[in-house]
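Working notes, structure below.
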């Protein structure tokens, strides 16, 4: 609490021009003198009537009423009452007395004010100013997650947190014509943000409980069946047509068709994910040792792994480096492919567009780039590889995952045994 130092009190009031007998507490005249007669330094004038109330004056004359108090737990805090001039002295004392009554009842006015301020935040404000810096920044895919959330939840970005409802969330989810697994991937990051808001008391407890429950749009959804698609599973001529179209493919992207040719060759020869391929750097690919060393920072399971390269993969990387040098294709921070490796997901738009055009030229329908990884896994097992070996090559955390996605390529009795492990 502010304590009166009579010597300082007298000195300040005399400097402000007060004459005769000095008042024992703040007066309207003293406040006006403090505001209009700057002393060139900062100082404090305790009220003397309401315990803890003081007038804090700046070097140029700006003055603010503050209330100091101590909570029931012994924590010393100060709460701004208002600017002198905008708030009269009598009003400042009245507000201070109300706050002190709350303190006496065991409340913490400052904490309550902070909570109220948090609850006035919009979804966008909480995401960009609180959740992204404190939670997403610690994740290796945090920036990409933030970009997706801003795009997907755009209809709710300007809605205050306290005005969110289950119906509004359901409207956003049902408007997305996506598979159940994709819808869950949309909801889960948003739910984590809502949980963070609940922990910071930016959401009332009863509202938080309602919002954190599974939305109606997700209730009753059955899990997606693993996608089973590879070159040749629907038409034996697919592999030949794919290779022929890929050999003559052209593109307006940096590196032309050679960029996609290299990416497809690596996917078919190594089973790497597209997010791993697009973030490769020159130092990761050691052609002398015929390996690619993937650091944990770019793998889905957040674990490093080493991939062996056979002749086609080595030839693809070698040719790409020659093309990149001849065409002077620009990359950033030693990236193997053009573009900025930090914002790699933004580069996948052009990649997906080119792959779609490639499939059209090859006369192949319903083929995704990720299916090339599946094609590798099927050929690996048909060539005599074991499920345990495939698990390590693909970087699956569990052999059950491998068996779930590639069990169709092995006898049913073997698959049952693997899934039972």
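Some observations on this one:
- The largest-to-smallest principal axis extents of the Cα set in the range 254-306 are 32, 25, 19 Å.
- Shape of the range 123-250, Cα gyration tensor, a/c cut at 1.5: prolate
- When the alpha carbon gyration tensor of the range 238-383 is reduced to an equivalent ellipsoid, the three semi-axes, largest first, read 21, 19, 15 Å.
- Whole-number percent relative contact order across the range 238-383, with pairs defined as alpha carbons under 8 Å at least 6 apart: 33 percent
- Shape class of the range 5-57 from the Cα gyration tensor (axes a ≥ b ≥ c, square roots of the eigenvalues): rounded, since a/c falls below 1.5.
- Folded to 0 to 90 degrees: helix 370-382 orientation relative to the chain principal axis, Cα: 50 degrees
- A viscosity of 1.306 mPa s and a temperature of 10 °C, combined with the Kirkwood radius over C-alpha pairs in the Stokes-Einstein formula, give the range 128-180 a diffusion coefficient of 128 µm²/s.
- Annotation: the residues 312, 288, sorted from fewest to most other C-beta atoms within 10 Å of their own C-beta, follow the order 288, 312.
- Calculation over all alpha carbon pairs of the range 45-197 in 10 angstrom steps from 0 returns a P(r) of 9, 28, 20, 18, 17, 6, 1 percent.
- Cα shape, the range 6-111, gyration tensor, a/c 1.5 rule: prolate
- Its relative contact order, with pairs defined as Cα atoms under 8 Å and 6+ residues apart, puts the chain at 10 percent.
- Compactness of the chain was expressed as the Cα radius of gyration divided by 2.2 N^0.38 Å, which yields 1.51.
- Helix 256-270 and the longest principal axis of the Cα set of the chain meet at an angle near 80°.
- On the beta carbon distance between residue 8 and residue 120, with R0 = 45 Å, the FRET formula returns roughly 0.70.
- Taking 41, 118 and counting other C-beta atoms within 10 Å, the order from fewest to most: 41, 118
Laboratory data are not the source of any read-out in this text; all were calculated from the coordinates shown. Source: prediction; values computed, not measured. Quick reminder, even Gly has a Cβ in these numbers, built from the backbone with ideal geometry, and neighbours come from all protein chains shown.
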